[in-house]
Amino acid sequence: MAGIEPSLTLLPMKIVEPRVRPGSDADPCVSIEPSVLYFGTPVVLLSTENADGTANLAPMSSAWALGHVVVLGLGADGQTAHNLAARPELVINLPAPGQWQAVERLAPLTGRDPVPPTKHAGCRFEKDKFGAAGLSSLPSHTVRPPRVDGCPLQLEARAEHIRPDASGEFLIVEAHVTKVHADPRIVVPGTDHIDPAAWSPLIYNFRHYFGLGPELGHSYRSTTPREQTAAAPGVEEGTPA
Ligand SMILES: Cc1cc2nc3c(=O)[nH]c(=O)nc-3n(C[C@H](O)[C@H](O)[C@H](O)COP(=O)(O)O)c2cc1C
């Protein structure tokens, strides 16, 4: 019927008109030069130990897990990098989406004094990062730096390998996790499984904070004991979400 769009869910596939720029071939993408490539990874808060025994706390999002090793990409000029080179224990705290403002309060701060000239404009020294963020600490079990109270997942870890990245600006840290703490509300009762429907990471998406959308499905390797999940309405295989 003219003027009435059929429902998307009735179509096998949404048809997207390719954006072909004059002079290019039939490539549906455009070439761009983004200033950052932060395509959406979970935010973590790293607690490390300063030389005087106090704790530093820094947000970062270049973190991912290989089994029980977490790989971190850290600015070489930061206090966290300095602390880990001298004292390799840390806690990788995972905040929930509702804690994004506490994370953002830490964004302009460094534990380095004086602030190195390589730090971004507006960056200032702060000794008490926990206080500045409005967060409180909990003692750890296997490492000296404290955990962040209120973060639903806290991974105690030890930096085993620290090496410069290809640019020389960052360090790549491989941290072996020694102990995992979880808010019981995100654990499947009576098991060691995190309930993926109860846990939601805080996602840093091109410098904007997001939570997760509804579940789409699960990997064939998932062993989490829970009810079969249905695909979110309107999200079917082959349908661009
Ligand atoms: C959400 C968020 C994500 C960040 N991700 C990273 C990151 O992956 N690696 C990094 O080196 N810095 C990252 N930063 C910047 C550091 O937090 C910043 O350099 C901070 O000053 C480091 O503190 P420190 O010098 O006390 O270690 C991020 C900041 C925010 C707010």
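Here are the numbers for this structure:
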quantity: Neighbour cut-off at most 14 other Cβ (10 Å), DSSP loop, trypsin sites (Lys or Arg not before Pro), region 93-197; calculated: Lys127
quantity: Phi-based couplings in Hz for region 199-205 (Karplus 6.51, -1.76, 1.60; Gly and Pro marked x); calculated: 9, 9, x, 8, 9, 9, 10
quantity: Cα point-scatterer Debye curve for region 36-210, base-10 log of I(q)/I(0) at q = 0.16 Å⁻¹; calculated: -0.95
quantity: Neighbour cut-off at most 11 other Cβ (10 Å), DSSP loop, chymotrypsin sites (Phe, Trp or Tyr not before Pro), region 26-121; calculated: none
quantity: In Hz, Karplus ³J(HN,Hα) per residue of region 36-51 (6.51, -1.76, 1.60; θ = phi - 60°; x = Gly, Pro); calculated: 9, 10, 7, 8, x, 10, x, 7, 10, 10, 9, 9, 9, 9, 6, 4
quantity: Selection from Pro114, Pro139, Thr191 lying farthest towards where the dipole of region 84-192 points positive, charges on Cβ; calculated: Pro114
quantity: Dipole magnitude (debye, nearest 20) for region 36-210, charges at Cβ of Lys, Arg, Asp, Glu; calculated: 220
quantity: Relative contact order %, region 105-158, counting alpha carbon pairs below 8 Å whose residues are six or more apart; calculated: 24
quantity: Distance from region 144-185 to region 57-124 (C-alpha centre basis), Å; calculated: 10
quantity: Calculated FRET efficiency for the pair Asp195/Asp128, C-beta based, R₀ 30 Å, to 0.05; calculated: 0.30
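Coordinate-derived values only; no laboratory data. All figures in this text were calculated on a predicted structure; none of them were measured in a lab. As a convention, Cβ positions derive from the backbone with ideal geometry for all residues, glycine included, and neighbour counts pool all protein chains shown.
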